[in-house]
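Everything below concerns the one structure shown next.
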Amino acid sequence: MGSPANDIDRLVKREYKEGFVTDIDSETLPPGLDEGVVRAISEKKREPQFMLDWRLNAYRHWLTLTEPQWAHVHHEPIDYQAISYYSAPKDKDGPKSLDEVDPKLLETYEKLGIPLEEQKMLAGVAVDAVFDSVSVKTTFREKLAEVGVIFCSISEALQEHPDLVKQYLGSVVPAGDNFYAALNSAVFSDGSFVYIPKGVRCPMELSTYFRINAMNTGQFERTLIIADEGSYVSYLEGCTAPMRDENQLHAAVVELIAMEGAQIKYSTVQNWYPGDEQGRGGIYNFVTKRGACRGRNSKISWTQVETGSAITWKYPSVLLEGDNSVGEFYSVALTNNWQQADTGTKMVHIGKNTSSTIISKGISAGHGQNAYRGLVKVLNKADNARNYSQCDSLLMGDRCGAHTFPYIEVKNPTAQVEHEATTSKISVDQLFYCRQRGLSEEDAVSMIVNGFCKEVFKELPMEFAVEARKLLEISLEGAVG
Amino acid sequence: MLSIKNLHASVEGTPILKGIDLDVAAGEVHAIMGPNGSGKSTLANVIAGRDGYDVTAGKVVFRGKNLLELPVEERACEGIFLAFQYPVEIPGVSNLYLLKTALNSIRKHRGLNDLSAVEFLKLIKEKIKLVEMKEEFLHRSVNEGFSGGEKKRNEILQLAVLEPSLAILDETDSGLDIDALKVVANGVNSLRDEQRAMIVVTHYQRLLDYIIPDKVHVMANGRIVKSGDKSLALELEKHGYAWIAQDPGAAAAPPAGS
Ligand SMILES: Nc1ncnc2c1ncn2[C@@H]1O[C@H](COP(=O)(O)OP(=O)(O)OP(=O)(O)O)[C@@H](O)[C@H]1O
Ligand SMILES: [Mg+2]
């Protein structure tokens, strides 16, 4: 047996000879990471030279970095040489029908009211056996193309709009930003690209499409959204149902750019596999999400509902560069069983009259550990910056934990920064009250928890909010008593 | 409808209820009076099934069922409603939503379908008139930021919507101004009928001017020390509770701990 590096070399050469397109169906790189792997990925995707150079830079930088240790999470060390960094979509590997899918998973889909066709897709049943997703895509595309919105995979964007990608990729999250972002920059497999032209209000929420599109983006996902002057887009990421997924580590990067007067609303419902009741398995979700309010009067809102993953490490942030720009962060993070979440945001006030709002709701149950970590930074030129932060934690039971780490750095005396934090337990009085009115204990808990999250849920698009509510219910099953 | 026999209950080992006997028939309204700390709320809570009370002896039978075996929500679904002395706030949960969920849970228990949104709204609009509450209260979080009186009215609204067979009102009159008292009393009176019984816990005769009880009981130190008709409340008003203690009937009760 040769060393992993040799295997890759062989593979790269073989592919080069035999061509990429023909055996795309069954292709997976063997585990391991070196420059050869980075080159192989770029080559497979037939990327322009600038992209390869960018990836290689990121990779070389990554080698100099170490994993961050400051997060309030614990896990076994990750062996980066044990991961396979490229796996082409392989429909054949999935279950042939729903009969082969874990009944527990199906039960959850049922409770969420997910249509059968979609269930199949989520469970990884071969896509071509489901329905013609191509035609669905096309309908959306045509409608979007009419107004000039570009919405495609980042691989496609690299082929069709390389200049846009080149101009903006890494302009918010530089390739060497942090350990996981650097890793992502070197090896990202795919993701989404959105461009909204000047003055255009995107005619639909970019969601259903994404659901389909997101199936095979893999563990190193890359998303880039550009809202040009005066435009608006609402983007929904993720899926409320747990997804069949064998990858342990997810290190995604999302970059948002809002030009003058533009608005981006980015909503996430994350429900990756959290591991079982004993804490075995589950996804490590280490994500870098950042938006730049480049122009005056621009606005970026992040809304997230995080109920999945064994470990979540995620700080959707906003760089408030333009004067009068607005950043918002609304978050619900739930940890049950042995889940750990260290999540929050960074609001960096750079321009004048910039304002930011942070509403964070952490719910811990079982042995779950939930940390809010947030930074509000006001730079010296940011006159009249305002921030309001509210971090509420709800504890269920006495084996879980909630932690709040607010960091405030103010370099301009005109800034107004307000921070409020509360920690509460689901009160026995509330439970008794609801049950006395006829609600079961589980319904009472879910009602109280939903009430606790209301300020965040009301930021979610309607149908997403309904699903998020149900999801919370399911995630909390067995959390009382 | 409700039959309580020799009920003893304690909290963390301290006996609080020391042998309660009480029979309430359908259609009756019973008033329970008695000094602070005599165990009135404890009795209400034990009937409703609140955690933290150990029933050490006695029986509670409600419409033929052994109540003490049932979890809180089942007692509620069977038709027991407790209007709280201190109604609880539930931030972020609208009054309307709680009412709807509660009503549908109870309907489900009775084998009925959920009410549609339209039917429910119709019902609620009717009931809210009964307690003279503004509709905006329906959309506010349960009891959050409500004044003391508004909270009590809200309890009566829930009572009116859920239509229980036994309603226990724990000091619903305290903290009410005279107009609100009338509103609450009217609400309660409009719900009086042959099928429904009520236990009204109060310190004040004035409530009983509006809600005329069939029977009045006086509790002291975990027991019912005197029972009578509505005139008993008037006597209490005149003489205070000390008068009961001197009453030979009351004195017959054995002292605690014997
Ligand atoms: N959870 C508890 N822990 C300790 N003592 C309790 C508890 N609940 C009730 N008690 C005690 O039991 C006694 C009866 O209380 P209860 O609330 O039933 O009185 P009450 O008759 O309703 O009084 P009030 O008229 O003031 O409402 C009091 O002495 C009270 O301190
Ligand atoms: Mg009381």
If we scan segment B:179-197, do we find a residue that is in contact (Cβ under 8 Å) with a residue 12 or more places away in the chain, closer than 13 Å to B:Ile156 by Cβ and touching a Gly at 6+ places or on another chain (Cβ under 6 Å)?
yes
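The rows are residues; the columns are (1) surrounded by fewer than 24 Cβ atoms within 10 Å (Cβ to Cβ); (2) of a type in the set (Gly, Ala, Ser); (3) in contact with a Pro (Cβ under 9 Å, 6 or more places away or on another chain).
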| position | (1), (2), (3) |
| --- | --- |
| A:Gly275 | yes, yes, no |
| A:Gly295 | yes, yes, no |
| A:Ala310 | no, yes, yes |
| A:Gly344 | no, yes, yes |
| A:Asn353 | yes, no, no |
| A:Ser356 | no, yes, no |
| A:Ile359 | yes, no, no |
| A:Arg373 | yes, no, yes |
| A:Asp383 | yes, no, no |
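One line per residue, one yes/no per condition, for (1) under 13 Å from the mean Cα position of the chain (by Cα); (2) away from ligand 2 (no atom under 16 Å from the Cβ):
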| site | (1), (2) |
| --- | --- |
| B:Met1 | no, yes |
| B:Gly39 | no, no |
| B:Ala57 | no, yes |
| B:Leu67 | no, yes |
| B:Arg75 | no, yes |
| B:Ile80 | yes, yes |
| B:Pro87 | yes, no |
| B:Ser94 | no, yes |
Residue set A:Cys453, A:Cys434; condition under 15 Å from A:Leu334 (Cβ atoms), within 12 Å of another protein chain (Cβ to nearest Cβ) and surrounded by 22 or more Cβ atoms within 10 Å (Cβ to Cβ); output residue A:Cys453
Residue satisfying condition, being under 19 Å from A:Ala333 (Cβ atoms) and away from every other protein chain (no Cβ under 13 Å), within set A:Leu394, A:Leu460, A:Leu379, A:Leu472:
A:Leu460
Could you check segment B:95-145 and list, in sequence order, the residues that are away from every other protein chain (no Cβ under 14 Å) and charged (D, E, K, R)?
B:Glu119, B:Lys122, B:Lys125, B:Glu126, B:Lys127, B:Lys129, B:Glu132, B:Lys134, B:Glu135, B:Glu136
List the number of the failed condition for B:Thr202; all other conditions in (1) within 16 Å of ligand 2 (Cβ to nearest atom); (2) open to solvent by 10 Å² or more (accessible area, probe 1.4 Å) hold.
(2)
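Criterion first (in a helix (DSSP H, G or I), within 16 Å of ligand 1 (Cβ to nearest atom), in contact with a helix residue (DSSP H, G or I) (Cβ under 9 Å, 6 or more places away or on another chain) and of a type in the set (Asp, Glu)) does B:Glu150 satisfy it?
Judged against the criteria, B:Glu150 is not a match.
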For segment A:443-450, check the following and say yes or no: at least one residue is charged (D, E, K, R), over 15 Å from A:Gly397 (Cβ atoms) and within 7 Å of chain B (Cβ to nearest Cβ).
yes
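What strands (runs of 3 or more DSSP E) lie completely within segment B:35-140 and have 2 or more residues being out of contact with any Gly (no Cβ under 8 Å at 6 or more places or on another chain) and surrounded by 15 or more Cβ atoms within 10 Å (Cβ to Cβ)?
Passing ranges, in order: B:54-62, B:80-83.
The rows are residues; the columns are (1) at pLDDT below 80; (2) not in a helix (DSSP H, G or I).
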{"residue": "A:Leu56", "(1), (2)": "no, no"}
{"residue": "A:Thr66", "(1), (2)": "no, yes"}
{"residue": "A:Glu76", "(1), (2)": "yes, yes"}
{"residue": "A:Pro89", "(1), (2)": "yes, yes"}
{"residue": "A:Lys92", "(1), (2)": "yes, no"}
{"residue": "A:Lys96", "(1), (2)": "yes, yes"}
{"residue": "A:Glu107", "(1), (2)": "yes, no"}
Out of everything in segment B:7-21 that is touching a residue at least 60 places away in the same chain (Cβ under 8 Å) and within 16 Å of ligand 2 (Cβ to nearest atom), what residue ends up being most open to solvent (accessible area, probe 1.4 Å)?
B:Ile16
Could you tell me whether any residue of segment B:225-234 is open to solvent by less than 70 Å² (accessible area, probe 1.4 Å), more than 16 Å from ligand 1 (Cβ to nearest atom) and at pLDDT below 90?
yes
Restrict the check to segment A:191-201 and report whether at least one residue is at pLDDT below 95 and either farther than 21 Å from A:Gln270 by Cα or assigned to a helix (DSSP H, G or I) (or both).
no
Matching residues in segment A:456-465 - criterion: being without any contact (Cβ under 8 Å) to a residue 60 or more places away in the chain and open to solvent by 10 Å² or more (accessible area, probe 1.4 Å)
A:Lys458, A:Met462, A:Glu463
Failed criterion for B:Asn189 (all others in (1) buried (at least 21 other Cβ atoms within 10 Å of the Cβ); (2) away from ligand 1 (no atom under 16 Å from the Cβ) hold):
(1)
Does segment A:429-444 contain any residue that is part of a helix (DSSP H, G or I), of a type in the set (S, T, N, Q) and closer than 30 Å to A:Glu205 by Cα?
no
Conditions first: (1) part of a helix (DSSP H, G or I); (2) more than 25 Å from A:Trp338 (Cα to Cα); (3) over 24 Å from the mean Cα position of the chain (by Cα); (4) of a type in the set (Asp, Glu). A:Glu455 passes all but one, so which condition is the exception?
(3)
What residue, among those in segment B:31-61 that are under 22 Å from B:Cys77 (Cα atoms) and away from ligand 1 (no atom under 15 Å from the Cβ), is nearest to the other protein chains (Cβ to nearest Cβ)?
B:Val60
Residue satisfying all of: in segment A:151-190; open to solvent by 40 Å² or more (accessible area, probe 1.4 Å) and in a loop (DSSP other than H, G, I, E, B); farthest from A:Trp313 (Cα to Cα) among these
A:His161
Would you mind stating whether A:Val428 is within 14 Å of another protein chain (Cβ to nearest Cβ), open to solvent by 70 Å² or more (accessible area, probe 1.4 Å) and over 27 Å from A:Ile264 (Cα atoms)?
yes
Answer yes if at least one residue in segment A:165-182 is modelled with pLDDT under 90 and closer than 25 Å to A:Ser231 by Cβ, and no otherwise.
no
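In segment B:165-187, which residues are on the phi < 0 side of the Ramachandran plot and within 11 Å of the chain's Cα centre (by Cα)?
If the condition is that a residue be on the phi < 0 side of the Ramachandran plot and within 11 Å of the chain's Cα centre (by Cα), then B:Leu166, B:Ala167, B:Ile168, B:Leu169, B:Asp170, B:Thr172 are the ones that fit.
The values are calculated or read from the model by the stated rules, or taken from the named source; none is laboratory data. Please read all numbers here as calculations on a predicted model, not as lab measurements. Reconstructed Cβ throughout: ideal geometry from the backbone, glycine too, with neighbour counts over all protein chains shown. The area values use the complete protein model at the heavy-atom level, side chains included, leaving out ligands, DNA and RNA. Shrake-Rupley method; radii C 1.70, N 1.55, O 1.52, S 1.80 Å.
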